[in-house]
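The values are calculated or read from the model by the stated rules, or taken from the named source; none is laboratory data. This is a predicted model, so every value here is computed, not measured. So basically every Cβ, Gly included, is an ideal-geometry build from the backbone, and we count neighbours across all protein chains shown. Just the protein is used for accessible areas: all its heavy atoms, side chains included, with ligands, DNA and RNA removed. Shrake-Rupley method; radii C 1.70, N 1.55, O 1.52, S 1.80 Å.
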Amino acid sequence: TLTKPNWSFRAQRAKESGAFDTGRLAELKRSPLQQIWLDHLLALSMMRAGDGWECGRFVVLYPELNGRCEAVVANYRTTLVDDATFESWTLEEFHAVVAQLTDAEWVSDFYLRYLDFKRLYSPSGDA
């Protein structure tokens, strides 16, 4: 059975974190900000639990050409009074940094899966 979300618990955790503008909690409960907020709260709760996660950041990755994601992330950032636990990067920025740090196979796999758009336009799907 589906249960009703416990918004008061989440609002309390958001207030305790000191990261959010508490005057905007109602906005955070609605799309399109809700999922980002809930994921951020999860990251904050991991740090709070004391299971070895003393510090950390919630990072949203999105394609640089996705203007909707960029706008939602920018709007979400305005709901924060402390953004020390939040960052956003484009997939392209993420890949460029990681590719400078390692030549592990997964980095090229990541590029092929998420960033090699010419494969979309090739009849065989190969570049």
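Per the Kirkwood formula applied to alpha carbons, the chain shows a radius of gyration over Rh ratio, Rg over Rh, of 1.06.
When the Gaussian network model of the chain links Cα atoms closer than 10 Å, the mean-square fluctuations of Asp82, Asp39, Asp116 top out at Asp116. Computed over protein heavy atoms with a 1.4 Å probe, the accessible surface of the chain works out to 70 Å² per residue. For the range 12-127, carbon and sulfur atoms together expose 53% of the accessible surface, with a 1.4 angstrom probe and every protein chain in place. Projecting the Cα atoms of Asn75, Pro63, Val107 onto the charge dipole of the range 6-127, computed from C-beta unit charges around the Cα centre, puts Asn75 farthest toward the positive end.
Of Trp53, Trp89, Trp106, the residue with the greatest mean-square motion in the GNM of the chain, using alpha carbon springs below 10 Å, is Trp106. Between the helical axis of 91-101 and the longest alpha-carbon principal axis of the chain there is an angle of about 70 degrees.
For the chain, the longest principal axis of the Cα atoms and the long axis of helix 34-48 meet at an angle of about 70 degrees. For the range 66-127, taking the reciprocal of the average inverse distance between every pair of different Cα atoms yields a Kirkwood hydrodynamic radius of 14.0 Å.
Taken about its Cα centre, the chain carries a charge dipole of about 820 debye when Lys and Arg each add +1 at the Cβ and Asp and Glu each add -1 at the Cβ. Taking label points 7 Å from Cα along the Cα-to-Cβ direction, Arg30 and Arg77 give a separation of 2.3 nm. The calculated 222 nm mean residue ellipticity attributable to helices in the chain amounts to -15000 deg cm²/dmol, summing -39500 (n - 2.57) over DSSP H runs of n ≥ 4 and dividing by all residues.
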